[in-house]
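What follows is a single structure, written as structure tokens, with notes after it.
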Amino acid sequence: VCLTCCSRDVMVKIDQICHKNSVKFFTGDVFGYHGYMFADLGEHEFVEEKPKIAKVNPGVEDGPDTKKAKLDSSETTMVKKRVVFCQLKEALAVDWSGEKAKAALKRTTPDYFLLQ
């Protein structure tokens, strides 16, 4: 489900319905140069390709680079990952008075508050 130009209450209500029924939910809007986008994909599983780390034989090489792990770009492994997305209601209900939230406020774009 994709929503745009909707009120906050409508977005929260439709996201709750989508989340309950395992339907992916996207919403967003643009206000001049500023905008927002939110995605609730529920439980999302995906596969990520990562390069294998080559093991270094001790005693073969000398110097500071010996201790660093070396990536072998010719061989890769597939790593299965799982992400659980939060609902829109939870994302909007952040308590900004706590110490943890104050640190997060520095990393939060001002556009987040457009939706508020």
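The values are calculated or read from the model by the stated rules, or taken from the named source; none is laboratory data. Predicted, not measured: the structure shown is a model, and the values here were computed from it. Neighbour counts run over all protein chains shown; Cβ positions are idealised from the backbone, glycine included. Accessible surface areas use protein heavy atoms only, side chains included; no ligands, DNA or RNA. Shrake-Rupley method; radii C 1.70, N 1.55, O 1.52, S 1.80 Å.
A few comments on the model shown:
- The set of residues from segment 84-116 being more than 14 Å from the chain's Cα centre (by Cα), farther than 17 Å from Y36 by Cα and not aromatic (F, W, Y) comprises D95, S97, G98, E99, K100, A101, K102, A103, A104, K106.
- Scan of segment 97-116 for residues that are closer than 22 Å to M11 by Cα and part of a loop (DSSP other than H, G, I, E, B), ordered by number: T108, T109, P110, D111, Q116
- Residue list for segment 1-19, restricted to those being surrounded by 10 or more Cβ atoms within 10 Å (Cβ to Cβ) and farther than 13 Å from L88 by Cβ: T4
- Qualifying residues in segment 32-50 (those that are assigned to a strand (DSSP E or B) and farther than 20 Å from D15 by Cβ) - the one farthest from the chain's Cα centre (by Cα): H34
- Count of segment 43-88 residues, restricted to those that are at pLDDT 70 or above and open to solvent by less than 100 Å² (accessible area, probe 1.4 Å), is 19.
- Hits in segment 10-54 - residues which are touching a Gly at 6+ places or on another chain (Cβ under 9 Å) and among the aromatic types (F, W, Y): F25, Y36, F38
- Meets criteria (modelled with pLDDT under 65, surrounded by 12 or more Cβ atoms within 10 Å (Cβ to Cβ) and aliphatic (A, V, I, L, M)) for V30: no
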